[in-house]
Amino acid sequence: MSRTPARITQADVARAIRAAKQTGAGSVRIMPDGTIRIDLQPEKKPEPQDNEVAPRRRLVL
């Protein structure tokens, strides 16, 4: 039984990431159907407000 061909190859992923970096894109999403989506606008991170508590750091020994 032969395997089905890949929907997207490693070279396709590398090419998309390289192009996204050159344009300063915010993110690259690869969908299960093989679609590559490049978001040109960087994601806006919410600014911490004064009344927010800093996240706790977990220490594992």
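Among the residues of the range 1-19 satisfying the criterion of being among the polar types (S, T, N, Q) and closer than 22 Å to D39 by Cβ, which is farthest from the chain's Cα centre (by Cα)?
Restricting attention to the range 1-19, the residues satisfying the condition of being among the polar types (S, T, N, Q) are 2, 4, 9-10.
Next, only the ones that are closer than 22 Å to D39 by Cβ stay: 9-10.
Working: T9: 17, Q10: 15 Å.
The residue in question is T9.
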Which condition number in (1) exposed (fewer than 10 other Cβ atoms within 10 Å of the Cβ); (2) at pLDDT below 85 is the one that L40 fails?
-> (1)
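A quick yes/no check of all residues on (1) in a loop (DSSP other than H, G, I, E, B); (2) surrounded by fewer than 12 Cβ atoms within 10 Å (Cβ to Cβ); (3) modelled with pLDDT of 85 or more:
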position: R3; (1), (2), (3): yes, yes, yes
position: I8; (1), (2), (3): yes, no, yes
position: R15; (1), (2), (3): no, no, yes
position: D33; (1), (2), (3): yes, yes, yes
position: P46; (1), (2), (3): yes, yes, no
The one condition A54 fails out of (1) part of a loop (DSSP other than H, G, I, E, B); (2) modelled with pLDDT of 80 or more; (3) loosely packed, with under 10 Cβ neighbours inside 10 Å is (2)
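The values are calculated or read from the model by the stated rules, or taken from the named source; none is laboratory data. On a predicted model such as this, the values are computed, not experimentally measured, just so you know. Virtual Cβ from ideal backbone geometry, glycine too; neighbours counted across all protein chains shown.
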